[in-house]
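The values are calculated or read from the model by the stated rules, or taken from the named source; none is laboratory data. Keep in mind the model is a prediction, meaning the values are calculated, not measured. Methodologically, a virtual Cβ is constructed for each residue, glycine included, from the backbone with ideal geometry; neighbour enumeration extends over all protein chains shown.
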Amino acid sequence: MRGYLDKFPNSTFYFRRIRNYFSLQLLEWHEDDSEVSPSDREEMQLLLNRALGRENANHSRVASKK
């Protein structure tokens, strides 16, 4: 799934479904955009999974990493 975010208008983000949630797999960063931090990546995944009704699966994945 391809995504675009207001904070990074010139960059393209590619998400892949892994079991019950979508994870950021690839990013085509454009030099006119600010640098994408790890917290930005987590926020993007959360926003996408929330929009698709998969927020609980994303929270479970994040909790299991800790």
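Inside the stretch 8-44, can you point out the residues that are more than 21 Å from GLU55 (Cα to Cα) and part of a loop (DSSP other than H, G, I, E, B)?
Across the stretch 8-44, the qualifying residues are TRP29, HIS30, GLU31, ASP32, ASP33, SER34, GLU35, VAL36.
Could you please give the count of residues in the stretch 48-64 that are at pLDDT 65 or above, among the polar types (S, T, N, Q) and either surrounded by 14 or more Cβ atoms within 10 Å (Cβ to Cβ) or not in a helix (DSSP H, G or I) (or both)?
Residues in the stretch 48-64 being at pLDDT 65 or above, among the polar types (S, T, N, Q) and either surrounded by 14 or more Cβ atoms within 10 Å (Cβ to Cβ) or not in a helix (DSSP H, G or I) (or both): 1 in total.
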